[in-house]
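First up is the structure itself, then whatever we jot down about it.
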């Protein structure tokens, strides 16, 4: 006697299990590949950081500013204190305050560069009060690493454009002050000075997060396959073996 053909339900469950297993495995592989890409990017950042520090001449001669990101730099120039901006709601060490950003007029030519000088706490009793941040006059040397412009936060329409701001767009700010600004910034490093803290977090790319997501998707894929094998293949056979045999 021929064995009975699998039911329609069996094929529907099989197709659904294959689709779910394929989807979860693909998502896991995608997260794994993203982690690999970020590991390569972190290696490139570390390599940039090991290059000799940029000086004014090397920076001003650079055509593609993306190629200098994450490099160390030691720049000479004059602070343009009149154009200092305080970026609001910026944390450091678990506290909220301002990132202080001042343009530096580079010795030897233009354009200027924005320097993220450090962090200072704000006065929560008077939110319009600016903290005192001394700005040395004359020619100064500023050490730091090249970084993208200050990160942007969500802001409502009509946000203030005075000294205290939520965000700072490099091109728009350059037009506002009538000066050309380099498309990247200098993140000033070193010990605290001028009332500013510089405990900047190290660049993190979230590699562990992608590995965590990958293992979750691979685990879900394994669960789908395991449940399918148990309920569609093993369990029916076990039940079949324990059925009473028909008497002759």
- So how do 220, 168 line up by other beta-carbon neighbours within 10 Å, fewest first? 220, 168
- For the chain, the Cα gyration tensor yields equivalent-ellipsoid semi-axes (√(5λ), largest first, whole Å) of 61, 21, 16
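Per 0.36 nm of contour for each residue apart, how much would the distance between residue 69 and residue 18 grow if the chain were fully extended, relative to their Cα-Cα spacing?
On the way: separation 51, 0.36 × 51 = 18.36 nm, distance 4.50 nm.
Taking 0.36 nm per residue and subtracting the Cα distance, the gain is 13.9 nm.
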- Query: Once label points are set 7 Å from the Cα along Cα→Cβ at both residue 107 and residue 30, what is their separation, rounded to one decimal in nm?
  - Reply: 5.3 nm
- Message: Can you give me the angle between helix 207-228 and the longest principal axis of the chain, using Cα atoms only, in degrees from 0 to 90, rounded to the nearest 10?
- Response: 10 degrees
- Query: With a ≥ b ≥ c the root eigenvalues of the C-alpha gyration tensor of segment 71-188, is it rounded (a/c under 1.5), prolate (a/b larger than b/c) or oblate?
  - Reply: prolate
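What fraction, in whole percent, of alpha-carbon pairs in segment 1-62 exceed 17 Å separation? Mind dumping the intermediate values first?
Numbers: 1317 of 1891 pairs.
More than 17 Å apart: 70 percent of the Cα pairs in segment 1-62.
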- Note on the structure: Whole-Å distance linking the alpha carbon centroid of segment 168-194 with that of segment 79-123 is 7 Å
- Note on the structure: Length gained, residue 48-residue 129, 0.36 nm per residue minus C-alpha separation, equals 25.3 nm
- Query: Restricting the count to DSSP beta bridges whose residues both fall in the chain, what percent are antiparallel, rounded to a multiple of 5?
  - Reply: 80 percent
- Spin-label model distance (nm) - residue 208 vs residue 237, 7 Å beyond Cα toward Cβ: 4.3 nm
- Query: What ranking, highest mean first, results for peptides 183-190, 134-141, 45-52, 118-125 when packing means the other Cβ atoms within 10 Å averaged over each residue?
  - Reply: 183-190, 118-125, 45-52, 134-141
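We did not get these values from a lab; they are worked out from the coordinates using the rules stated. Predicted model, so just to flag it, every value in this text is computed and none were measured. No Cβ is skipped: glycine too gets one built from the backbone with ideal geometry, and neighbour counts run over all protein chains shown.
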